[in-house]
Amino acid sequence: MSSNSEPVVVIGVAGDSGCGKSTFLRRLTDLFGADWLTVICLDDYHCLDRKQRKVAGVTALNPKANNFDLMYEQIKALKAGKSIEKPIYNHETGMIDPPEPIVPSRIVVIEGLHPFYDERVRELIDFGVYLDLDDAVKIAWKIQRDMAERGHTYEDVVRSIESRRPDFMAYIDPQKQYADVVIQILPTQLIPNDTERRVLRVRLVQKEGRPGFSPAYLFDEGSTISWIPCGRKLTCSYPGIRLFYGPDEYYGHEVSVLEVDGQFEQLEELIYIEQHLSDTSTQYYGEMTELLRKHPEYPGSNNGTGLFQVLVGLKMRAAYHQLVSKEIPIPAAV
Ligand SMILES: Nc1ncnc2c1ncn2[C@@H]1O[C@H](COP(=O)(O)OP(=O)(O)OP(=O)(O)O)[C@@H](O)[C@H]1O
Ligand SMILES: O=C(CO)[C@H](O)[C@H](O)COP(=O)(O)O
């Protein structure tokens, strides 16, 4: 629990269902320790239950199905170190269950569909990440999970993604402009006409000029670099690995982009990549590689999704320390 004298830092993790939020949260828990984190799933602020949404003809992505006033009041209270009685949305029954008490830890993570949607909530967020999954990859991941674990057919998966698309584009996707970092997960460019989606191209879009956040870079800050590290120090089988770093513009903001296309054969060799990255906010040599090697079983540990999730976790830790140690006024996520 956080005492009133200790600031509570709020982290936002945004993205559609099935885009890897749970995996990212597991990495954050490994980094900070469970005692440091209070995770709030924003699905709990659905104000219409499944039946009511059906009657009203709205999806859970529609703001009308969510209580942003309550979300704002409760996140504000948590940030002030106060306990709340949080509602619970029950995904098994599709109903809203009786509320549960929540006591904030030092870091409150709000994760789900709408962390940056409401301006008041957005301004409470100290560091925000948006997980931006390309549709082709989203279908591949959902098929893998929903067909294997939930008994859905290929057509069910595609239909469900299609039916959510209009509301996704209207209410979820635009939030990425407010994130400090966006992890874009795209099909590889290393395999022509790839349909398997096992090899991924992952881009880390990092906003420049945010207090408490300095983007990581490859070799030389501010330059544009394409690097194929396959050689004596890194084992690469087909289709190889390509890294890229360079400046860009994103929704009118200056950003720097780090990119990894391809996958790593041997996790321990990641140290070679880590050596060439700067401003990673590690606390000791090799920390990134060590964190990835700890959980090779997490999906994406052998590609840019895992690498950048770990890197973003390290950036969140650095932002936390900066905010707390300097007691600087907490800036908005915009
Ligand atoms: N980096 C990755 N590489 C490959 N597959 C992945 C990766 N991350 C997630 N997946 C796949 O996507 C599925 C959904 O991931 P996860 O549960 O982390 O997403 P989520 O956003 O929390 O989903 P939900 O909100 O529906 O619970 C996983 O079961 C896994 O199959
Ligand atoms: O997008 C979602 C969560 O991220 C869900 O679709 C939403 O919360 C509604 O849940 P359910 O389908 O269980 O009624």
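Out of the residues in the range 1-22 meeting the condition of being among the aliphatic types (A, V, I, L, M) and over 16 Å from the mean Cα position of the chain (by Cα), tell me which one is farthest from ligand 2 (Cβ to nearest atom).
M1
Name the pairs whose Cβ atoms lie under 8 Å apart, with the first residue in the range 1-25 and over 20 Å from F116 (Cα atoms), the second modelled with pLDDT under 90 and acidic (D, E), and 6 or more positions between them or separate chains?
P7/E327
Please go through the range 111-145 and pick out each residue that is assigned to a helix (DSSP H, G or I), within 12 Å of ligand 1 (Cβ to nearest atom) and not aliphatic (A, V, I, L, M).
K138, W141, K142, Q144, R145
So in the range 23-69, with the set limited to residues that are among the polar types (S, T, N, Q) and near ligand 2 (Cβ under 10 Å from one of its atoms), which one is nearest to A140 (Cα to Cα)?
Among those residues, the one meeting the criterion is T59.
Say we look at the range 32-47 and pick out the residues that are surrounded by fewer than 20 Cβ atoms within 10 Å (Cβ to Cβ) and more than 16 Å from ligand 1 (Cβ to nearest atom); which of these is nearest to the chain's Cα centre (by Cα)?
F32
Only one of these is over 19 Å from the mean Cα position of the chain (by Cα) and β-branched (V, I, T): I125, I107, I143. Name it.
From the options I125, I107, I143, the qualifying one is I143.
Looking only at the range 178-211, count every residue that is in contact with a strand residue (DSSP E or B) (Cβ under 7 Å, 6 or more places away or on another chain) and under 22 Å from I11 (Cα atoms) and tell me the total.
Total meeting the criteria: 16.
Does the range 65-74 contain at least one residue that is under 20 Å from P174 (Cβ atoms), within 16 Å of ligand 1 (Cβ to nearest atom) and either at pLDDT 95 or above or surrounded by 18 or more Cβ atoms within 10 Å (Cβ to Cβ) (or both)?
Checked the range 65-74: at least one residue is under 20 Å from P174 (Cβ atoms), within 16 Å of ligand 1 (Cβ to nearest atom) and either at pLDDT 95 or above or surrounded by 18 or more Cβ atoms within 10 Å (Cβ to Cβ) (or both).
The values are calculated or read from the model by the stated rules, or taken from the named source; none is laboratory data. Keep in mind that what you see is a predicted model, and the values were worked out from it rather than measured. We place every Cβ from the backbone using ideal geometry, glycine too, and count neighbours over all the protein chains shown.
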